[in-house]
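The values are calculated or read from the model by the stated rules, or taken from the named source; none is laboratory data. For clarity, every value in this text was computed on a predicted model and none was experimentally measured. Neighbour counts are summed over all protein chains in view; Cβ atoms, including those assigned to glycine, are modelled from backbone coordinates with ideal geometry. For the accessible areas, the whole protein counts, side chains as well, though only heavy atoms, and no ligand, DNA or RNA atoms are used. Shrake-Rupley method; radii C 1.70, N 1.55, O 1.52, S 1.80 Å.
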Amino acid sequence: MRHALASTQASLAITGARPAPAPPPASTAAMPPPSIPRPGAPRQRGSAPPSVAAALLGVTADQLQRMLGEPSIRRPEGAAEIWLYEAPACRLDVILHAEGSSLFVGHAAARALGSGESVTESACLSAIAAAPAPPPWTTSDRRP
């Protein structure tokens, strides 16, 4: 996840986008852990996936959830949040920035897994919206 964050930060730096500076956390112990669904818990699915990840830029967290459903992971990062969506053949990394009391998508990038399959961005987003709720990184094809 650190690699994904570093890559995303580098991508944002290239575009000139700069997230609002976040206040430093009071202590590491006070930060909430990433939100990971319980194994077997039902996942809210999406109902309106876009055809490209760029279409997610600027949407609110609520709109994002309606489009793609619940993410596999939510991780607070200062005033921002990082969400990870998963499907069998791809992932979607989303960074939401706080503006006032709302979160807005500032970055969204879909990526195929190393399975050798060719997956279009549109197919990936549709698969994410319809994906069941396996806990992240636990399917049998990804275990060492």
Unique residue being aliphatic (A, V, I, L, M), modelled with pLDDT under 95 and closer than 18 Å to residue 52 by Cβ when the list is 108, 98, 89: 89
Selection within region 62-75 - open to solvent by less than 50 Å² (accessible area, probe 1.4 Å) and closer than 20 Å to residue 121 by Cβ: 64, 65, 67, 68, 69, 71, 72
Would you please name the residue that is least open to solvent (accessible area, probe 1.4 Å), looking only at residues in region 45-61 that are within 14 Å of residue 110 (Cα to Cα) and small (Gly, Ala, Ser)? 53
Region 76-92, residues that are surrounded by fewer than 21 Cβ atoms within 10 Å (Cβ to Cβ) and either within 17 Å of residue 119 (Cβ to Cβ) or touching a Phe, Trp or Tyr at 6+ places or on another chain (Cβ under 8 Å) (or both): 84, 88, 89, 91
